[in-house]
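What follows is a short report on a single structure.
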Amino acid sequence: MREGRHITDSNWIKSSIEYNRWFIENGTLSGKKIDTYDITGKSTSEVADYVTKWVEVRL
């Protein structure tokens with residue numbers, strides 16, 4: 001967040017991390033677990049490839 005989006009507010013970053021952690025540990029929608037993908041250290045093209053494959057599987 002600091003590098004990619006240039007966010008400097010530590011409280012905002014902390015709350016975002018907690019929010020994301022909730023989805024990873026507890027996130028459900030209509031009784032189904034929400035898919036998550038940790039993009040830490042991934043390039044834009046790696047993330048795009050993953051998302052493309054994720055969507056294709058669900059079409």
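The values are calculated or read from the model by the stated rules, or taken from the named source; none is laboratory data. Only a predicted model underlies this, so the values are computations on that prediction, with no experimental measurement involved. Methodologically, a virtual Cβ is constructed for each residue, glycine included, from the backbone with ideal geometry; neighbour enumeration extends over all protein chains shown. What goes into the accessible areas is simple: the full protein's heavy atoms, side chains included, and nothing from ligands, DNA or RNA. Shrake-Rupley method; radii C 1.70, N 1.55, O 1.52, S 1.80 Å.
Rolling a 1.4 Å probe over the heavy atoms of the protein chains gives the chain an accessible area of 91 Å² per residue. With the simple model of a label 7 Å out from the Cα in the direction of the Cβ, Asp35 to Glu18 spans 2.9 nm. Please determine, in degrees from 0 to 90 and to the nearest 10, the orientation of helix 10-26 with respect to the longest principal axis defined by the Cα atoms of the chain, where the helix direction is its Cα long axis. That works out to roughly 30 degrees. Surface composition of the chain: carbon and sulfur atoms hold 55% of the protein heavy-atom accessible area at a 1.4 Å probe.
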